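Asks: Handing you this structure, nothing more for now.
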Amino acid sequence: MGGGGSVFGGGYTPDKYKEIIQKTRMETRDAQFETTVNDMINERLSEYQRDTEKTQERLIEVKEILEEEEIGTIDMRFGGSVMKHTYVDGLSDVDVLVLLNKTELSEASPHEALEYIAERLGEEGGSDIEEIHVGDMAVTIIYTDGQEIQLLPAIKRGEGYKIPQREENRWSNVTRPDNFASKLTEVNQQNNGKVVPIIKIAKSIISQLPEDQQLSGYHVESIAIEVFKSYPESLPKTPKMMLRYFFEHAKDVVRSPIKDKTNQSVHVDDYLGQENSPKRVRVSYALDRIGRRMKNADEIGSVEEWESILGEE
């Protein structure tokens, strides 16, 4: 009779085949889980995209009102990052700069300028404006469809601008928003354009935290620059992996002040105090909890937990 080869071929035993089948099933399940969560994040991102044509129409309308009132001209060079239904009052979330060329306004306090702009828009704005909110730094127009457009008054000084100083009702030192924009663009490009989308999702997740644990939009973007400037080549640049990487490392970055590249202030996060302050430690723990939730969700393959982390749409 012929030699004793296994009926399964290749010398594999039944137990070995079971092991191979089980491994294949696990790999298939893991691949489906990765695809499902990444698709879910991408779908959420698509919902954050703003109606460009409608936005342009509204900006033109605002521009006409302000220039007719001789309040100032509008500089649209700095794109905003305001997310749908997520309000952050600060430089990095501003849609347009209103360059004040009206003499009395350029000599007024920031609060006076903000109130004047809001008053004019309230009188002349369209019927689709639901609310006009005056913050420390910007005037936010909230439309009936949920869209928000922020206007930041600014005074041109050489190559930079003076803008309202947060919570102080005075003009800042000369700022250079382009410095920050350039660095963010650089880090985004070296990561195949994936950093900006991650920032949007991260802001949405952080906005669900208790108010004393939330971060400004500008701070989140600054943390992302620090986190992703050395993103490992060995890791995939998928939304899920990059989002988890952000929170796993943001917990450490947030413990130390980040220098303000725009010169708006010494640090982008002065509101959290000095290094390892109680506020920073509290925020660090909150970010760490989010990162650990993501890790646990991956380990058990829970799409539902990822849905919970991302929060309601």
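The values are calculated or read from the model by the stated rules, or taken from the named source; none is laboratory data. Bear in mind that the values here come from a model prediction, so they are computed numbers and not experimental data. Note that each Cβ is placed from the backbone with ideal geometry, even for glycine, and that neighbours are counted across all protein chains shown. Quick note on the areas: whole protein, heavy atoms, side chains included, nothing else; ligands and nucleic acids left out. Shrake-Rupley method; radii C 1.70, N 1.55, O 1.52, S 1.80 Å.
Asks: Scan segment 170-202 for residues that are of a type in the set (Ser, Thr, Tyr) and touching a residue at least 12 places away in the same chain (Cβ under 8 Å) and report the count.
Replies: Filtering segment 170-202 down to residues of a type in the set (Ser, Thr, Tyr) leaves 172, 175, 182, 185.
When the remaining residues are screened for being touching a residue at least 12 places away in the same chain (Cβ under 8 Å), the result is 172, 175.
Number of matching residues: 2.
Asks: When you go through LYS229, LYS237, LYS259, LYS156 one by one, which is the residue that is of a type outside the set (Ser, Thr, Tyr), in contact with a helix residue (DSSP H, G or I) (Cβ under 6 Å, 6 or more places away or on another chain) and either at pLDDT 90 or above or open to solvent by 10 Å² or more (accessible area, probe 1.4 Å) (or both)? Break it down stepwise before answering.
Replies: Details: LYS237 fails: in contact with a helix residue (DSSP H, G or I) (Cβ under 6 Å, 6 or more places away or on another chain); LYS259 fails: in contact with a helix residue (DSSP H, G or I) (Cβ under 6 Å, 6 or more places away or on another chain); LYS156 fails: in contact with a helix residue (DSSP H, G or I) (Cβ under 6 Å, 6 or more places away or on another chain).
Testing whether each residue is of a type outside the set (Ser, Thr, Tyr), in contact with a helix residue (DSSP H, G or I) (Cβ under 6 Å, 6 or more places away or on another chain) and either at pLDDT 90 or above or open to solvent by 10 Å² or more (accessible area, probe 1.4 Å) (or both) leaves just LYS229.
Asks: Return the residue satisfying two criteria in turn: it lies in segment 223-257 and is part of a loop (DSSP other than H, G, I, E, B) and closer than 19 Å to LEU209 by Cβ, and of such residues it is nearest to the chain's Cα centre (by Cα).
Replies: Initial filter on segment 223-257 (part of a loop (DSSP other than H, G, I, E, B)): 229-238, 254-257.
Narrowing further to those that are closer than 19 Å to LEU209 by Cβ: 254-255.
Numbers: VAL254: 15, ARG255: 19 Å.
Here the residue is VAL254.
Asks: When only residues in segment 139-169 that are in contact (Cβ under 8 Å) with a residue 60 or more places away in the chain and of a type in the set (A, V, I, L, M, F, W, C) count, which is farthest from LEU66 (Cα to Cα)?
Replies: Within segment 139-169, the match that is farthest from LEU66 (Cα to Cα) is ILE163.
Asks: Any residue that is open to solvent by less than 10 Å² (accessible area, probe 1.4 Å), among the acidic types (Asp, Glu) and in contact with a strand residue (DSSP E or B) (Cβ under 7 Å, 6 or more places away or on another chain) - is there at least one of those in segment 267-281?
Replies: For segment 267-281, residues open to solvent by less than 10 Å² (accessible area, probe 1.4 Å), among the acidic types (Asp, Glu) and in contact with a strand residue (DSSP E or B) (Cβ under 7 Å, 6 or more places away or on another chain): absent.
Asks: Restricting attention to segment 167-177, which residues are open to solvent by 20 Å² or more (accessible area, probe 1.4 Å) and in contact with a helix residue (DSSP H, G or I) (Cβ under 8 Å, 6 or more places away or on another chain)?
Replies: Filtering segment 167-177 for residues open to solvent by 20 Å² or more (accessible area, probe 1.4 Å) gives 167-171, 173-174, 176.
Once the filter is applied, which keeps residues that are open to solvent by 20 Å² or more (accessible area, probe 1.4 Å) and in contact with a helix residue (DSSP H, G or I) (Cβ under 8 Å, 6 or more places away or on another chain), segment 167-177 yields ASN169, ARG170, TRP171.
Asks: Among the residues of segment 282-298, is any over 19 Å from the mean Cα position of the chain (by Cα) and of a type in the set (Phe, Trp, Tyr)?
Replies: Within segment 282-298, one or more residues are over 19 Å from the mean Cα position of the chain (by Cα) and of a type in the set (Phe, Trp, Tyr).
Asks: In addition: What's the total number of residues in segment 17-68 that are of a type in the set (D, E, K, R), at pLDDT below 70 and over 22 Å from the mean Cα position of the chain (by Cα)? Talk me through it step by step, then tell me what you get.
Replies: The initial filter retains those residues of segment 17-68 that are of a type in the set (D, E, K, R), namely 18-19, 23, 25, 27, 29-30, 34, 39, 43-44, 47, 50-51, 53-54, 57-58, 61, 63-64, 67-68.
From what is left, the residues that are at pLDDT below 70 are 18-19, 23, 25, 27, 29, 50-51.
If we keep only those that are over 22 Å from the mean Cα position of the chain (by Cα) too, we end up with 18-19, 23, 25, 27, 29.
Number of matching residues: 6.
Asks: Quick check on segment 99-123: of everything there that is at pLDDT below 85 and surrounded by 15 or more Cβ atoms within 10 Å (Cβ to Cβ), which residue is farthest from GLU168 (Cα to Cα)? Break it down stepwise before answering.
Replies: Taking segment 99-123 as the starting set, the residues that turn out to be at pLDDT below 85 are 99-107, 123.
Right, trim to surrounded by 15 or more Cβ atoms within 10 Å (Cβ to Cβ) and you get 99-100, 102, 105-106.
On the way: LEU99: 20, LEU100: 19, LYS102: 22, LEU105: 17, SER106: 17 Å.
Checking each candidate, the answer is LYS102.
Asks: Read through the list (1) under 23 Å from the mean Cα position of the chain (by Cα); (2) assigned to a strand (DSSP E or B), then give the number of the only condition that GLY146 fails.
Replies: Of everything listed in (1) under 23 Å from the mean Cα position of the chain (by Cα); (2) assigned to a strand (DSSP E or B), GLY146 misses just condition (2).
Asks: Right, something else. Among the residues of segment 270-299, which ones are closer than 30 Å to THR36 by Cβ, basic (Lys, Arg) and in contact with a Lys or Arg (Cβ under 8 Å, 6 or more places away or on another chain)?
Replies: Correct list: LYS295 only.
Asks: Here is a further query. Of all residues being within 16 Å of ILE290 (Cα to Cα) and of a type in the set (Val, Ile, Thr) in segment 178-220, which is surrounded by the fewest Cβ atoms within 10 Å (Cβ to Cβ)? Just the residue, please.
Replies: Within segment 178-220, the match that is surrounded by the fewest Cβ atoms within 10 Å (Cβ to Cβ) is ILE205.
Asks: Output the number of residues of segment 205-222 satisfying the condition of being part of a loop (DSSP other than H, G, I, E, B), closer than 19 Å to LEU184 by Cβ and of a type outside the set (Ser, Thr, Tyr).
Replies: Kept after step one, since they are part of a loop (DSSP other than H, G, I, E, B), are these residues of segment 205-222: 207-210, 214-216.
Narrowing further to those that are closer than 19 Å to LEU184 by Cβ: 215-216.
After this cut, where a residue has to be of a type outside the set (Ser, Thr, Tyr) as well, the list is 215.
Residues flagged as part of a loop (DSSP other than H, G, I, E, B), closer than 19 Å to LEU184 by Cβ and of a type outside the set (Ser, Thr, Tyr) within segment 205-222 amount to 1.
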